[in-house]
Amino acid sequence: MDAEAISEETEAMWRTMIKLTKTFSDQLSDELGSELLLTVDTSLADMVDCGLATILRRLEEISHAASKEFALEKALHRMKTEWGAVQFEFKPW
């Protein structure tokens, strides 16, 4: 295994997760009508206290969309890695 490649992939995944978490938090804040701050210390009780139960259906929709977006980001990264070394040669017709 190539340690540098693993490091790069891990960093890319981390950046993607941060971006998606921010997007997810912003969307939930919009739905709730107040700012929702997600931290490593945020508990399920905190979420219930914020009123997430009142927007459960929308929460499921947002979560589903975030999961799809993450899968797409991951697939795109994989494609860039796999195709990165490919070179196309063009010839006059």
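Does anyone have the angle between helix 3-32 and the longest principal axis of the chain? Alpha-carbon axes, 0 to 90°, nearest 10?
Here the helix axis deviates by roughly 30 degrees.
Note the listed values [x] 15.8, 51; [y] 16.0, 58; [z] 19.0, 67, then indicate which one is Rg and Dmax of the Cα atoms in Å calculated from this particular structure.
Identified label for the calculated read-out: [z].
Testing the spin-label approximation: label points 7 Å from Cα along Cα→Cβ at A75 and R58. State their distance in nm.
2.8
Please determine, in degrees from 0 to 90 and to the nearest 10, the orientation of helix 56-83 with respect to the longest principal axis defined by the Cα atoms of the chain, where the helix direction is its Cα long axis.
On a 0 to 90 degree scale, this one is about 20.
In square angstrom, what is the accessible area per residue of the chain with a 1.4 angstrom probe?
86
With charges only on Cβ, +1 for K and R and -1 for D and E, what is the dipole size of the range 3-69 about its Cα centre, in debye, rounded to 20?
200
Add -39500 (n - 2.57) for each DSSP H run of 4 or more in the chain, then divide by its residues: what number comes out at 222 nm, to the nearest 500 deg cm²/dmol?
Roughly -24500 deg cm²/dmol at 222 nm, from the helical runs in the chain.
Could you grab the relative contact order for the chain? Cα pairs under 8 Å, six or more apart, rounded to a whole percent.
It comes to 29 percent, rounded to a whole number.
Cross-chain or 8 or more residues apart, Cα under 28 Å: how many lysine pairs in the chain fit that? Count them up, please.
8
For the chain, what % of the accessible area comes from carbon and sulfur atoms, probe 1.4 Å?
After summing per-atom areas, the C and S share lands at 59 percent.
In terms of the Cα gyration tensor, with a ≥ b ≥ c the square roots of its eigenvalues, is the range 41-81 rounded because a/c is under 1.5, prolate because a/b exceeds b/c, or oblate?
Verdict is oblate for the range 41-81.
For the range 11-41 and the range 65-80, what is the centre-to-centre distance using only Cα atoms, to the nearest Å?
Rounded to whole Å, the Cα centres lie 17 Å apart.
The values are calculated or read from the model by the stated rules, or taken from the named source; none is laboratory data. For clarity, every value in this text was computed on a predicted model and none was experimentally measured. Note that each Cβ is placed from the backbone with ideal geometry, even for glycine, and that neighbours are counted across all protein chains shown. With ligands, DNA and RNA removed, areas are computed over all heavy atoms of the protein, side chains included. Shrake-Rupley method; radii C 1.70, N 1.55, O 1.52, S 1.80 Å.
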